Amino acid sequence: MLDYAEYIKIFIGLLAIVNPFGAIPMFISMTADENRAERLKTINMVAIGVAVILLVALFVGEHLLAFFGITMNSFRVGGGILILLMAIAMLHAKTSHIKQTTEEADESIQKESVAIVPLAMPLLAGPGAISTVILAAHKATTILDYVMFSAGIILLSIIIWSILRLAPWIASHAGSTGINIFTRIMGLILAAIAVEFIANGMKGLFPVLAG
């Protein structure tokens, strides 16, 4: 069983990657034509979608890597680079194109339902979040670890649900500046986590570096 500090570290990293506050402007834009009941339904579907996507990654992701013959150290380096690129975009208060391109954003506005695609995935539970969950699953040694990680994912989904419910209020009170400040702080945390992923992966691939 991992210690509680490790659980908290993984959860904070996942929260920084998902960055629900940063998704508020996109969420408001995509649900502008929905009434209160429709928006609530969208929020519920987003929260459930994020939970399902990340739980599947938790229990299946590592087996999928093994199927394709990808080592965990290679995945650490690749995932770390991916997360670092996202962090750099967040430090500039921008949505990384790894999550969603401009073309995808324009196309999604025309869709009737935007809850699962693109809000739940890839805007929230995107490649960075999935990579983090798979790397966390690799650290699990007991069933209790999986239970704690699952509880963290469910808690994250509840936080997403709560923030999206308060999205209009947050947007009107915090404004773009407040959201951007929070995004930059999360980006800084994310950059540190990404560097650690890359460093650990490089040590595994090249043991001489650990000496």
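Listed values, structure above:
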| item | result |
| --- | --- |
| Pairs of Lys in the chain closer than 20 Å at Cα, counting only those 8 or more apart or on different chains | 4 |
| Rounded, prolate or oblate (a/c below 1.5 giving rounded, otherwise prolate when a/b exceeds b/c) for segment 18-61 by Cα gyration tensor | oblate |
| Spin-label model distance (nm) - Leu144 vs His173, 7 Å beyond Cα toward Cβ | 3.9 |
| Estimated FRET transfer efficiency when R0 is 22 angstrom, pair Asn44-Ile185 (beta carbons, to 0.05) | 0.20 |
| Per-residue ³J(HN,Hα) for segment 46-63, Karplus 6.51 cos²θ - 1.76 cosθ + 1.60, θ = phi - 60°, Hz, x for Gly and Pro | 4, 4, 5, x, 4, 4, 5, 4, 6, 5, 4, 4, 5, 9, 10, x, 5, 5 |
| Simple label model, 7 Å out from Cα along Cβ direction - Ile158 to Ala32, nm | 3.4 |
| Estimated FRET transfer efficiency when R0 is 35 angstrom, pair Ile70-Arg165 (beta carbons, to 0.05) | 0.35 |
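Each value in this text was obtained by applying a stated rule to the coordinates, not by laboratory testing. Worth saying up front: this structure is predicted, and the values here are computed from it rather than measured. Cβ coordinates were reconstructed from backbone atoms using ideal geometry, including for glycine residues, and neighbour counts include every protein chain displayed.
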